[in-house]
1. At q = 0.21, 0.29 Å⁻¹, what is the log10 ratio I(q)/I(0) for segment C:1-60, with the Debye formula run over Cα points and no solvent?
2. Just how far, in whole angstrom, is segment C:213-269 from segment B:91-135 if you go by their alpha carbon centroids?
3. Could you tell me how many degrees, from 0 to 90 and to the nearest 10, lie between the Cα long axis of helix C:288-317 and the main elongation axis, the longest principal axis, of the Cα atoms of chain C?
4. Over all directions, how big on average is the projection of the convex hull of the alpha-carbon atoms in the protein assembly as shown, in square nanometres?
5. Under 5 Å between amide H atoms, partner at least 5 residues away or on a different chain: which partners does C:R287 have, H built in plane at 1.01 Å?
6. I'd like the mean, over residues of C:297-306, of how many other protein chain beta carbons sit within 10 Å of each residue's own Cβ.
7. Across bins of 10 angstrom width beginning at 0, how are the C-alpha pair distances of chain A distributed, in whole percent?
8. Give the aspartates and glutamates reachable from A:K190 as a straight Cα distance under 15 Å; neighbours fewer than 8 places away on the same chain don't count.
Amino acid sequence: MTIAIRATDLVKSYSPGLNALDGVSLEVSAGEVLVVMGPSGSGKSTLIRTFNGLETLDSGSLDVLGLRLDAAHEERQVRAIRERVGMVFQQFNLFPHLSILDNISLAPIKVQKRAKAAAEHLAIELLDQMGIREQAHKYPAQLSGGQQQRVAIARALALDPEVMLFDEPTSALDPERVKEVLDAMRQLAKGGMTMVVVTHELGFAREVADRVMFMDQGQVVETSDPQTFFTNAREERSRRFLSQMM
Amino acid sequence: MPQIFRRGRFWIQLGVVVALMAFGGLLINNITVNLIRTGLGLDFGWLWRPAGFALAETALPYAPTDSYAWALVIGWMNSLKVILVGLLLATMLGVAAGAARSSRNRLLRSLSGGYVALIRQVPLLLQLLFWYFVAFLGLPDTPVGGLIHFSNQGIRLLGLNLSVEFCSVLTGLVVFTGASIAEIVRGGINAVSLGQWEAFRSLGLLEGVGLRRIVLPQALPAILPALTSQFLNLAKNSTLAIAVGYADLYAVSDTTITQTGRAIEGFLLLLLSFLLLNLLISGGMALMNGAVLGRLQRSR
Amino acid sequence: MNRWLDRWLTLMLLALLGWAGWSCLHWLWRGADWTVVVTNLPLYAVGSYPEAERWRPLLCIVAVVVLIVITLLGTRHGEWRRSLPLLWSAMAPLGIWLLAGGLGLSPVGTQSWGGFSLTLLLTAGSGLLALPLGIVLALGRRSDLPVLRGGSTAYIELMRAIPLIAVLFFGQLLIPLFLPPGVEINRVLRAVVAFALFAAAYIAEDVRGGLQAIPPTQREAAAVLGLSPRQSLQLVVLPQALRVALPSLTNQAVGLLQNTSLMAILGLVELLGISRSLLANPAFIGRYLEVYIWLAAVYWLACTAMALLARHLEIQLDPVRSAR
């Protein structure tokens, strides 16, 4: 099986003496869904933000789809990775001044230099897939949170990425809107997409994840299959976290 | 920050420096050529030569035989006089008009609204000319109770003689700046929650007392920074005094430059003067800001 | 007690207003003589422009007024509405061509430009120059290259410390000194350049405020989609920042229009300048009040129209409101 992401000994610190990432190593295989869990401040968001160069590294190295990232990488390298790795944020981060259609077709037109008509056709198709085709000509502020997040997923998919990163995609949503976003992600996973998902949704992790990774204080505490993790976690810290969540 | 980024940035920066230096060099080259061509070079010696022009209004003794430098100092004093008095009166007018905008009296409210809407959409220079040519030069000779005497020669207040030019510039600046200050004060007052108004009304406090003692002190932190920039505007706008012949710093500089032809030196002096003036005003306001914030924090 | 105060205040104000209104009416009825305004309308509009060619600046003014009316009232015809931005952007070069001549029109020197048409030209010309310069300065001030940042900051702060009249005066005096010998630019162009250099510093601060209002996550979202920093600025950050800055930019534009009157002190015969030379004419001696009221009305209307246009633009640019 090919490896999509290989991280070796990642270290990242925002303030001296306090490491957000403290020697993290992991591998994500192509087609795998890895769910990252952990208390807030455990470094899980920082971790997946290093995968596409949003955070720089202090030391250690990353291999993303065969492209190498380390403390001294080049901007060009980062952009090559970003064209192949999609990302979905907690706060959606749609462009408020662009219509839904333009939000999705912007990167295909400007980055991949696709024809406008083809890009818009693709955008409509993706919106259809997300079940919000009729919203194409509205603006982000007119959509509900769940709809906005599905647009954000469509926007990331428009570049036809090989890996998708999700940074707490449902944390900013009203509870009744969570399901529609998780359903879209579930569908994506079924299609064989390589996914790294930071989330607190236990149900999603149990059902969709191939492996669950638990982080605390910038370190990986344990990585297990969901069955083991939820019923019989190896580490005391994981068990304590789970008991608080349930 | 990765090393390579830095290296890229270094080249961009170097490029900018080289471009700026080339552009600056071109300008300097041109200006030197032009200065040589016209027989001028940077020289401040003229400052000590006699000015030769008279000034209508002098805070300190001055005669045309005095130096240009002294004339500029007199101009400075005149500027300072109109700016300081202007700041004080404009603040009073602005606070009054701004408070009137949130008065319960509808007539007062619309009057103050009309004042702001009218004054802010008409050029200050036009207003100054109006105050000078129409209002003050048109004053009939009227003694008011022996203490104040209006005439088209100026206003005599107790023992104080105010020239028509001074009065026009002052009135124009105060009325114009007052309108802007009124808007700021209104914004500040609106930012104070309605609950505060209801609180003092329910205590039976008079409207004016509540405004002065309860609402305005809370609005101050929002008002002061915007007030500073209005004060700086007033100071800069005072240079329009030249249009009505008030001998302020700019007017004296203008005459000096016309007589000596020393444009660059004159410009540098004026620039320095205004930097100093700005520093004085913003410094004073920063002190006041600190005092106000300090008092608010202590009272909490 | 409070209510009595209120009533008393109202009565006093009413009396004051009544007196002021009565004096105004009295003056209008008895004292005012509007011949100084009525007989000189062409002068206010176009200055001492050659009589045979007066239709050119007049056409300019009429075109602007028509365009304002169309924009504000709005047309139901989608085609008209879509061509409005094009028409507006064609206005400045068209205006310059009409005033200056050439390309089939007889050339007219800038010394004969004047009146309201010159006021409009000064405002539009310097505004159009100042906006891009201001944006560049704002970006420079936020750059992480120390040289760029320092240079932009110094320029902005120095310019904002000096009074406009000084900038204009020294613009007239000094700009020629900075040019190679033999190259000369005329008074109007010098004024436009000086105005633009001055306004750019203020615009830069407004744009900077707009840039600061855009959350960094917008840049992040753009970066993650593979957009280059320049694309991200151009397509994502700047359009939003300018929209945020629009109300304060409007104030700058209104200020610019008012400030063109300062050129009267420096001898250009724009609207205020032409009025000053009219008042110096013995035939109209002492008719200050009539002229000033007339000018105030014109400036007030022009500034208000500008503010209304900007509000209109704000609504047009608000995606949610215009989509409805």
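1. -0.84, -1.07
2. Distance between centres, Cα-based: 30 Å.
3. For C:288-317 against chain C, the angle is about 30 degrees.
4. Working: hull surface 188.6 nm².
Mean projected area of the Cα convex hull: 47.2 nm².
5. none
6. Values: counts 1, 2, 4, 7, 1, 1, 4, 2, 0, 1.
Rounded to a whole number, the mean comes out at 2.
7. It works out to 7, 31, 36, 21, 5, 0, in whole percents.
8. A:E32, A:E162, A:E207, A:D210
Coordinate-derived values only; no laboratory data. The shown structure was predicted, so the numbers you read here are calculated from the model rather than taken from an experiment. Cβ atoms come from the backbone with ideal geometry, glycine included; neighbour counts cover every protein chain shown.
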